[in-house]
């Protein structure tokens, strides 16, 4: 109950109490009952607590600080709702109001637990994404290194422009002799001699 406000009721809170009572079919607490409850609260402020009371209060406070699980909060809320239903059947509006406060406290705690669970889930998702990004980066770097290595290998095996892969064959048996001498044609014969040689005379005796 250390989380309950001890400030005076506001108009909004009074309107909410009236609406809840109307929705549940309950009669609002009477003035005399509220006065008795107020006196009881004042007595509690001046009451001397025993060691047992203090121990119970400390245990309850420690339990609230241990961040109970969402399932435990649901179980406690179910128990309080059952007690609230019994108070409704007895038409005990004051008890219903107290249980409403406790249920509201549990709802606040449940929201905190749910938020913590969501933050934990987001942290896990972020960690998983970070690992995936790291793996993808490593793969990309390895692929780029392999491409560079293959490119360097292809460049080293490609011949340069204007050269052939085969070595030129050495010349063997090189003829170092002088070129053949020119043959001077014979002087042309005279016309008469040519005519004599060209004429074949067949003489019969």
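The values are calculated or read from the model by the stated rules, or taken from the named source; none is laboratory data. These numbers come from a predicted model, not from an experiment. Reconstructed Cβ throughout: ideal geometry from the backbone, glycine too, with neighbour counts over all protein chains shown.
Could you list all residues from segment 20-39 that are in a helix (DSSP H, G or I), over 53 Å from the mean Cα position of the chain (by Cα) and closer than 18 Å to residue 90 by Cβ?
Restricting attention to segment 20-39, the residues satisfying the condition of being in a helix (DSSP H, G or I) are 20-24, 31-39.
Keeping just the survivors that are over 53 Å from the mean Cα position of the chain (by Cα) gives 31-39.
32, 33, 34, 36, 37 - these are the residues of segment 20-39 that are in a helix (DSSP H, G or I), over 53 Å from the mean Cα position of the chain (by Cα) and closer than 18 Å to residue 90 by Cβ.
Suppose the filter is assigned by the TED database to the domain that holds residue 14 and either in contact with a strand residue (DSSP E or B) (Cβ under 8 Å, 6 or more places away or on another chain) or more than 24 Å from residue 7 (Cα to Cα) (or both); does residue 86 pass it? Steps first, answer last, please.
On the way: assigned by the TED database to the domain that holds residue 14: no; either in contact with a strand residue (DSSP E or B) (Cβ under 8 Å, 6 or more places away or on another chain) or more than 24 Å from residue 7 (Cα to Cα) (or both): yes.
The answer is no for residue 86.
Output the residues belonging to segment 43-73 that are part of a helix (DSSP H, G or I), modelled with pLDDT of 80 or more and over 22 Å from residue 105 (Cα atoms). The answer is 51, 52.
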